[in-house]
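Just below is one structure, and these are the notes that go with it.
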Amino acid sequence: MDCSKKQASAVGDLPVDPLVEIISRVPAKSVCRFKCVSKAWLDLITDPQHRKKLPQAMQGLFCQIKTPEAPVLLDIQDNFSFIDLVPRSVPLDIDPSFSFLTEQPGLRFLNISDSCNGLLLFEHHEGLTGNYARLGYIVCNPITKDWKAVPTCGSPSPTSLAYPYLAFDPAVSSHFNLVQFQVEKDEKILSVHGYYSKTGAWIENQISEQGEEGQLEGWGRFNFLLGNPQPCPFVNGFLHLIVLDQDQIKIVALDVQGKARRMIPVPHLHARSSWMRYFGESQGQLHYITQKTLDAHEKEYKLSIWVLQDYDAQKWVLKGTVNSHEVFGEKSGRGGKGFEVVGIHQHRNVVFFTHLGHKLMAYNMDRKELSTIATFYYKEWLVATARYVPCF
């Protein structure tokens, strides 16, 4: 009996395509249990082509906070929280404090570094004192509580910083990739290494000045943008990093080994008073948010949300605009930290902001509605967020 007949017999004679359509509307946890029904159900759900039709919706945000009295690295159970974005009668079966990690010897001081399609990437540090030496990375699945320790790559110099990024597509493979940039404080890229969880090894440095076939000229021509942690969204099988190329902001598409493969221009800005506020992925497309000053004295700004609607043609389209006074009121930029763009919903036209340093807010671009989804104590502020999509 061929595979299609086995799958069709999973529930009588119901054809495969309608069955997959039905399963795609079932909660992720139930789909996971269905795999235990029979070999036919397991083959049906784990088939790569079917898995692409079984996406899971974003459920919420993991947040990491800090206070002025405490170092950047806090005890893991004190500085993590989960914000549920979906109304439900029964809470999600997740541990927002990640206590299952602290049960392991030596795993205590972690920073959220990245997230991708249900997996979280943490930087693991030795403690709260000294120079916060990085011991390695932890890749974790919050819903299954599975995790993997990844060793550091190379020996960073006292004047350099490491920036790791996560690439994971559960519809393609159960394995993940990391790409780590070693960057000097003058923004020069020192090294680029890739890690593959299947082999458990880092691959050779990709910093070569000479480009290979299908590559750009190499990473030596670019400068890394230091300051706030730079996002590196994973879209169409590539990571995408904002870089400086001869003093111009551009996007480099790199493969999961860290090789630069393609250059993508940023949206054309018509005014010198415009600059980038956020870069990320939503609904399978790259999004680029810019800010323009409308009234410097009144701290009034306009945010423009651009979407790379045609990836191959590199065509950016203006998706919408947001006026800071209309959203936050006239005092949006006074007497505090104003507002910061911290993320965008993975499946909806919703932008996440922090307001005056202690409120996390969601702005629905379709409905033009603003809502407060979390309020922190006046001495706390958000240092990292990670989108959460269940992955079984």
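Just a few scattered comments:
- Of the peptides 342-355, 316-329, the order by per-residue mean of other Cβ atoms within 10 Å, starting with the highest, comes out as 342-355, 316-329.
- Peptides ranked, highest mean first, by Cβ atoms within 10 Å: ranges 371-377, 119-125, 234-240: 119-125, 234-240, 371-377
FYI, it's all coordinate maths here, none of it is from the lab. These numbers come from a predicted model, not from an experiment. Reconstructed Cβ throughout: ideal geometry from the backbone, glycine too, with neighbour counts over all protein chains shown.
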